[in-house]
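The values are calculated or read from the model by the stated rules, or taken from the named source; none is laboratory data. All values derive from a computational prediction rather than experimental measurement. As a convention, Cβ positions derive from the backbone with ideal geometry for all residues, glycine included, and neighbour counts pool all protein chains shown. Surface areas here come from the heavy atoms of the whole protein model, side chains and all, with no ligands, DNA or RNA. Shrake-Rupley method; radii C 1.70, N 1.55, O 1.52, S 1.80 Å.
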Amino acid sequence: MAKKKALILGISGQDGSYLAELLLQKGYEVYGTTRGSASVFGANLKHLKGKIKLIHTTYDVKSLVKILSRVRPHEVFNFAGQTYVSKSWSLLHETVQSSPVLVNNILEAILQVDKKIRFFQASSCEIFSQHSGLITEESPIAPGNPYGCGKAYTTHLVSCFRQQYGMYAVTGIFFNHDSPRRHEDFVTRKIVKRAVAIKLGREQELVLGNTSIARDWSYAPDIVKAAAKMMRMKTPQDLVLASGRTHSVQEMVDTVFALLELNPEAHVRIDRALFRPSEAPAIYASSKKAKALLRWQPKTSFHDMLKRMVAYEIRLQTGAEVDFRDERPFAL
Ligand code: GDP
């Protein structure tokens, strides 16, 4: 039987690279798009050279039609785009181009090439950021920043295409999910990276924004597993993917510093300039529906995720050879 083919838009980021590994493990032929050169396998993809095919592209409809016609994927996953919530205020154009416009273009290209191609779109808990507390699929969408507005639009658009054209197009609404592959602009990696540097005597201080904020954090490979499963539901639909538990940023600081046997009070400084203009004090989600429909649940706890991140960061900063060899949840 011919291998299943998947095309991952934005393959070089945290989620795209984990998904590539998972799908390779499942026997898929994996293609991924990058805005950079197709011969450059960055940090997250180095170990996948020779196993995946990279395609350099812009994301206009014409280019996407060309790629879809050439690759003929069974499944398309979209993780591409501007991923920073706070920067979305200053990167308005990029945020709109890489979220609403890009998803528009992908859906249009799929319709032109073959509407049987299945499509997965990654959305975010930021579509609910004007709420606080428990979120489910039924919660009214109410974004509070341009990033969330973009994701709100794409969530509605994917659902419209599903209804209008009978396409298998779904949105996974991801709550916070991190890993050693996260960029240090995210709070998890920022805390881990700086705390390890403090432990090694290279830095003295960790400056943070609002540490009383509580979020629902999962380990990225767990979330990516659910995304892959969402392509095989009886009835295509949108699902919230989260752990169901909240932890504050302060709890994260305390956990990471305890793992490194450091006293946070001696090193952490709060800077109000890093506070976000408006955000939910605490938000978490029930993934009851996803658990029932996908037979899925996140396996790695908040504490274990941070342990993995600290262990990885120590190897990275002490110059040990790091190419995710010890950080591969999906054996290849
Ligand atoms: P996001 O939720 O996708 O924007 O992921 P982040 O990891 O950037 O932020 C998670 C939460 O941590 C947000 O509620 C931030 O307000 C909070 N936070 C507190 N201090 C910081 C900080 O110094 N940097 C970042 N990135 N977030 C912080």
*What single numbered condition from (1) modelled with pLDDT of 90 or more; (2) aliphatic (A, V, I, L, M); (3) surrounded by fewer than 18 Cβ atoms within 10 Å (Cβ to Cβ) fails to hold for ALA320?*
(1)
_Where THR95 falls short, out of the listed (1) in a helix (DSSP H, G or I); (2) touching a helix residue (DSSP H, G or I) at 6+ places or on another chain (Cβ under 8 Å); (3) modelled with pLDDT of 95 or more_ = (3)
*asked:* Looking only at the range 74-102, count every residue that is open to solvent by 10 Å² or more (accessible area, probe 1.4 Å), within 23 Å of CYS160 (Cα to Cα) and more than 16 Å from the chain's Cα centre (by Cα) and tell me the total.
replied: 5
*Among (1) under 19 Å from ILE11 (Cα atoms); (2) crowded, with 24+ Cβ neighbours inside 10 Å, which single condition is ILE127 missing?*
(1)
_Selection from the range 56-92 of residues that are in contact with a Gly (Cβ under 8 Å, 6 or more places away or on another chain) and in a strand (DSSP E or B)_ = HIS56, PHE77, ASN78
*Which members of the range 298-309 meet the condition of being more than 16 Å from the ligand (Cβ to nearest atom) and more than 30 Å from CYS149 (Cβ to Cβ)?*
LYS299, THR300, SER301, HIS303, ASP304, LYS307, ARG308
*Search the range 3-30 for residues being closer than 20 Å to ILE106 by Cα and in a loop (DSSP other than H, G, I, E, B), and hand back the single one that is most open to solvent (accessible area, probe 1.4 Å).*
LYS4
*Identify, by number, the condition in (1) surrounded by fewer than 16 Cβ atoms within 10 Å (Cβ to Cβ); (2) over 30 Å from GLN163 (Cα atoms); (3) in contact (Cβ under 8 Å) with a residue 24 or more places away in the chain that GLU184 doesn't meet.*
(3)
*Can you find a residue in the range 124-133 that is part of a helix (DSSP H, G or I), touching a residue at least 24 places away in the same chain (Cβ under 8 Å) and of a type in the set (Asp, Glu)?*
yes
_Based on this model, can you work out whether LEU68 counts as open to solvent by 50 Å² or more (accessible area, probe 1.4 Å) and farther than 17 Å from CYS160 by Cβ?_
no
*Among the numbered criteria (1) away from the ligand (no atom under 16 Å from the Cβ); (2) open to solvent by 30 Å² or more (accessible area, probe 1.4 Å); (3) part of a helix (DSSP H, G or I), which single criterion is violated by ASN105?*
(2)
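Going by the structure shown, is THR188 more than 13 Å from the ligand (Cβ to nearest atom), among the polar types (S, T, N, Q) and at negative phi? Walk me through how you get there before you give the answer.
Numbers: more than 13 Å from the ligand (Cβ to nearest atom): no; among the polar types (S, T, N, Q): yes; at negative phi: yes.
It is false that THR188 is more than 13 Å from the ligand (Cβ to nearest atom), among the polar types (S, T, N, Q) and at negative phi.
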*Of these, VAL240, VAL207, which one is among the aliphatic types (A, V, I, L, M), touching a residue at least 12 places away in the same chain (Cβ under 8 Å) and open to solvent by less than 30 Å² (accessible area, probe 1.4 Å)?*
VAL240
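Would you say ILE141 is of a type outside the set (D, E, K, R), under 22 Å from LYS62 (Cβ atoms) and modelled with pLDDT of 95 or more?
Numbers: of a type outside the set (D, E, K, R): yes; under 22 Å from LYS62 (Cβ atoms): no; modelled with pLDDT of 95 or more: yes.
Considered against the rule, which asks whether it is of a type outside the set (D, E, K, R), under 22 Å from LYS62 (Cβ atoms) and modelled with pLDDT of 95 or more, ILE141 comes out as no.
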*What number of residues in the range 145-178 are small (Gly, Ala, Ser) and open to solvent by 20 Å² or more (accessible area, probe 1.4 Å)?*
2
*Of everything in the range 260-295 that's touching a residue at least 60 places away in the same chain (Cβ under 8 Å), more than 16 Å from the ligand (Cβ to nearest atom) and assigned to a helix (DSSP H, G or I), which residue is surrounded by the fewest Cβ atoms within 10 Å (Cβ to Cβ)?*
LYS288
